[in-house]
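Derivation of every value follows stated rules applied to the coordinates shown; laboratory data play no part. Only a predicted model underlies this, so the values are computations on that prediction, with no experimental measurement involved. Reconstructed Cβ throughout: ideal geometry from the backbone, glycine too, with neighbour counts over all protein chains shown.
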Amino acid sequence: MMRDYGTVAATVAKSLSPDAGRDRRMQTVVDRLWEHLQDTGVSWVGFYLYVAEREEMVLGPRRDKPACSPISLHGACGRAFRDDAALIVRDVKELGENYIACDPKDRSEVVLPIHDAGGAPIGVLDLDSFDVGSFDETDVAGLQRVLAAAGLRCK
């Protein structure tokens, strides 16, 4: 499914002042992605942030339903974080025990790591879908563009 990430990125950039903090930037990304993509097969969008002391990730800004928190690093979000690379999951059932099912209706997802100013990964942006094969490399590129427009670092 084609998604208009260019419009999302432009809306994100217009919504943020240069002095906006990280939390505001993440919330703006989540809100704009949800507003523009909820009718394109996206069932959930949110951030998970790494907590080093506990070796887990906790839920950050998200839309539009509750999600699991904290989560371990064995799932898709943890894998994208540990590998410091975007991850496209065509069918979550293929992950077996390595899938953390927050919503049993979710069938695919895309996860991108985000970084601090020094380039170290601090968390991930996660989008889910009820449809198998909902995400591909065009989504990764589009989401990278949205994150950049928000001043959030990604690879």
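Can you work out the Karplus-derived ³J(HN,Hα) for every residue in region 19-32? Use 6.51 cos²θ - 1.76 cosθ + 1.60 with θ = phi - 60°, whole Hz, and x for glycine or proline.
9, 4, x, 4, 4, 5, 5, 5, 4, 5, 4, 4, 4, 5
Helix-only estimate, please: 222 nm mean residue ellipticity of the chain, summing -39500 (n - 2.57) across DSSP H runs of length 4 or more and dividing by its residues, to the nearest 500.
After summing the helix terms and dividing by residue count, I get -9500 deg cm²/dmol.
Once amide H atoms are built 1.01 Å from N in the peptide plane, which residues 5 or more positions from ILE114, or in another chain, come under 5 Å H to H?
Sorted by chain and number, the residues that satisfy this are ILE122, GLY123, VAL124, LEU125.
What distance in nm separates the two pseudo spin-label positions at ALA117 and PHE130, each 7 Å out from Cα along the beta-carbon direction?
Distance between the two pseudo-spin positions: 4.3 nm.
Please compute the length gained on full extension between VAL58 and LEU95, using 0.36 nm multiplied by the number of residues separating them and subtracting their Cα-Cα distance. Show your work: numbers first, answer last.
Working: separation 37, 0.36 × 37 = 13.32 nm, distance 2.08 nm.
Roughly 11.2 nm would be gained on extension.
Hey, got a sec? Which GluC sites (Glu not before Pro) in region 51-155 land in a DSSP loop and have at most 14 other Cβ atoms within 10 Å?
In loop regions of region 51-155 (DSSP not H, G, I, E or B), the sparsely surrounded GluC sites (Glu not before Pro) are GLU55.
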